[in-house]
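The values are calculated or read from the model by the stated rules, or taken from the named source; none is laboratory data. Everything numeric in this text was worked out from a predicted model, so none of it was measured. With ligands, DNA and RNA removed, areas are computed over all heavy atoms of the protein, side chains included. Shrake-Rupley method; radii C 1.70, N 1.55, O 1.52, S 1.80 Å.
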Amino acid sequence: MANVCPYGYFTHAVVRGVPETFGKPAADGRENGEASVDLAKAQRQFGCLTGALRQKVGLQLIEIPPDPELPESWRIEDVAVIQGDMALITRPFKQQRRSEVEAVRRVMSELNLTVVEMGGEEGDSGGATLEGSDVLFTGREFFVGISSHTNRRGAEVLADTFRDFAVSTVPVCGGARLKNICSMGGPDTIIISNSDGAKKTLRMMEQLTDHHYEVLSVPEESAANCIYIKGPSKRDFLLHRPAEECPDSASVSMTEQIHKEPQFVGLKDSWSTFLCYCVSMQRVGRSLAELQKL
């Protein structure tokens, strides 16, 4: 079995900076994102996230520089799925995003992870699309959201890569990506929006799993997008949007609904549009200082 650490335990985080082209029309003529964007605000949000990961949680940060030729490359979570000592390099839905994998692949290799490629149009993974923001790992199994970004063939490639874990596909109802509507709030705890679409997705997850999960429903969909981390200090953290952005969700009694309450880190500015990889490493192939220069 692949190296498996306690759920949520990480030592490093890999992020990618916000390019100056953030929010510019992509090659297909559409905006890079589902909502209006503000470059200065995005860069402030990114700084808020990286500061929390480094200073509050205590992770070592590896930052890939932004690339103006890749306006959506800040969505770094989309281009790899990591579990244990293995990294699956994915195949984003948009053709123009597929060059994003090169820098990520290099970092994964330098971290001494076993890198598996989904491949191109030809071969066993031909026609597969998979984005990491459609993949929810619970510590026990994977749920893969079938969406406009991820198809069933992509889920099959993930299942073939991580054979030690069950992989179930669920429709993404009421959100562009699976992690827009749900995330892990701790070991065996799923935080999910209480929208009608999210409830449909949750019912499907409950039908497919053999495990029991505590469920925390939050009124605002954006509040369902969190990052649970057990940092090097062994303390539990849950990074989430600030209360002023999700006032109804902030009033939900966490102690009543989450069995083991983590320390909640509400950031002063919204960060949750930004994605990162959190990685647990026994040893790193090169020094962190060298990796940070990539």
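Tabulated values for the structure
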read-out: Residues with amide H under 5 Å from that of residue 61, placed H, sequence gap 5 or more; value: 13
read-out: Accessible surface, per residue, of the stretch 56-105 when the full set of protein chains is kept, probe 1.4 Å, Å²; value: 34 Å²
read-out: In Å², nearest 10: area of residue 63 left accessible to a 1.4 Å probe; value: 70 Å²
read-out: Whole-percent carbon and sulfur share, accessible surface of the stretch 81-178, 1.4 Å; value: 45 percent
read-out: Per-residue ³J(HN,Hα) for the stretch 217-222, Karplus 6.51 cos²θ - 1.76 cosθ + 1.60, θ = phi - 60°, Hz, x for Gly and Pro; value: 8, 10, x, 8, 4, 5
read-out: Solvent-accessible surface ranking, highest first, for 163, 16 at 1.4 angstrom; value: 163, 16
read-out: Cα-Cα over 22 Å, subset of 94/179; 41/230; 179/199; 56/234; 24/179; 24/56; value: 41/230; 24/179; 24/56
read-out: From phi via Karplus (6.51, -1.76, 1.60), per-residue ³J(HN,Hα) for the stretch 201-213 in Hz, x at Gly/Pro; value: 4, 4, 4, 5, 4, 5, 6, 8, 8, 9, 10, 9, 10
